[in-house]
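Bear in mind that the values in this text are calculations on the coordinates, not laboratory data. Source: prediction; values computed, not measured. As a convention, Cβ positions derive from the backbone with ideal geometry for all residues, glycine included, and neighbour counts pool all protein chains shown.
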Amino acid sequence: MEDLTGKVAFITGGANGIGFGMARAFLAEGMKVVIADWSSSHIAKAKQALKGNNAAYFVKTNVADREDIKAAVEEAIEVFGKIHVLCNNAGVNGGGTADDPDFTDFDRVMSVNLNGVVNCSKIVVPIIKSQGEGGHVVCTSSMAGVVPLPGAAAYSTAKYAVRGFAESLRMQLAPLGIGVSCLFPGATRTGMLFPPEDDPETDYHEDQAGDFQQALWEAARDAVDPLDTGRAVVDAIKENSFYIFTNREFLQEVIDRNREMEEAFPKEEPPKGRVAFETLRAGMAKNLMATGNRPVVKGEDAGDFGISFSSSSAD
Ligand SMILES: NC(=O)c1ccc[n+]([C@@H]2O[C@H](COP(=O)([O-])OP(=O)(O)OC[C@H]3O[C@@H](n4cnc5c(N)ncnc54)[C@H](O)[C@@H]3O)[C@@H](O)[C@H]2O)c1
């Protein structure tokens, strides 16, 4: 989408941090924004910051609750008539480690960080498609969706899954002129990450903190401004770029991880049938993604290759 003027964005978790950065960057482009958030206090603060701006509308909703989201989307359509850009951004911290026997916190994080993205996409994307005017979907993953932290299994699992979901959606929607981007923030100054000096609840004793904690505080002091992240999202929508990386300090680790994957492949050449299939599949995927920037053809088939997979169940 090259011209964003007058277009409508629906941003989950839009009342604080990165979501609010996107909202402000979109408003600066002449867009209308629906700020969908479950926190009354964040909504009140964001409303105050945007006081008098008729292009922003606020709705209280929980992305983990499908009926709640349907109602919020209906309200948004009543107010602005359409939705062109969906930002699946709401997220929470926590979830525990991979070997923690407690399921409750794991499920809580998955219900917001992964299911929230799926719920909103399945509710809003059909609306964007039916309008026939193109559009864009932005999914907020994390650097933890590329290089995970050992203590954050639920968080990393959800963020890797968001990336997988977004990659699949990208191919599905490209032939319809609807773009998809996936945002991978590293340290960004938001409600999730702030310097200890800004947090009255932090027991802040620099001299007693371990190396990792001290380094994390230092990163928080140097964290990216969420408005800059919002501007990077605007650029990605205009250019239809899939990957949005904001924190260059992770580049070498990503290169090393990709190299580890490359080196894990078998050394012997695969048989001809498999090579032919993969060459065909990769070519089709490339063609689908190349269609992403051309004009919309209403009613055109989406990019599913015309194949279906059988599913298995217990018997
Ligand atoms: N801040 C960082 O350093 C960082 C790094 C990587 C990824 N992220 C991701 O960025 C996204 C935004 O986080 P942030 O850092 O701006 O945090 P934040 O806490 O400042 O903002 C998140 C917003 O989402 C809302 N929210 C949370 N759960 C919700 C739900 N179930 N339904 C509706 N709204 C909900 C919150 O009320 C809040 O306003 C998240 O997906 C997060 O995982 C953040």
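Observations on the model:
- With the convex hull of its Cα atoms as the shape, the range 70-120 has an orientation-averaged projected area of 4.3 nm².
- Computed from label points 7 Å out along Cα-Cβ, the spacing between Asp102 and Met284 is 4.6 nm.
- Positive minus negative residues near Lys47 (Lys, Arg vs Asp, Glu; Cβ under 12 Å): +2
- Entry note, the chain: the mean residue ellipticity at 222 nm calculated from DSSP H runs of n ≥ 4, each adding -39500 (n - 2.57), is -14500 deg cm²/dmol after division by the residues and rounding to the nearest 500.
- Ala28-Ser241 FRET efficiency (beta carbon distance; Förster radius 25 Å; 0.05 resolution): 0.85
- Pair Lys272, Arg66: separation of 7 Å Cα→Cβ label points (nm): 4.8
- Rg over Rh, two decimals, the range 47-94 (C-alpha only, Kirkwood Rh): 0.99
- Whole-Å distance, taken between Cα centres, linking the range 254-277 and the range 126-190: 25
- The residues neighbouring Ala187, those whose beta-carbon lies less than 13 Å from its own, together hold a net charge of -2 under the Lys/Arg +1, Asp/Glu -1 convention.
- The range 103-242 shape via C-alpha gyration tensor axes, a/c threshold 1.5: prolate
- For the chain, the fraction of C-alpha pairs farther apart than 33 angstrom is 29 percent.
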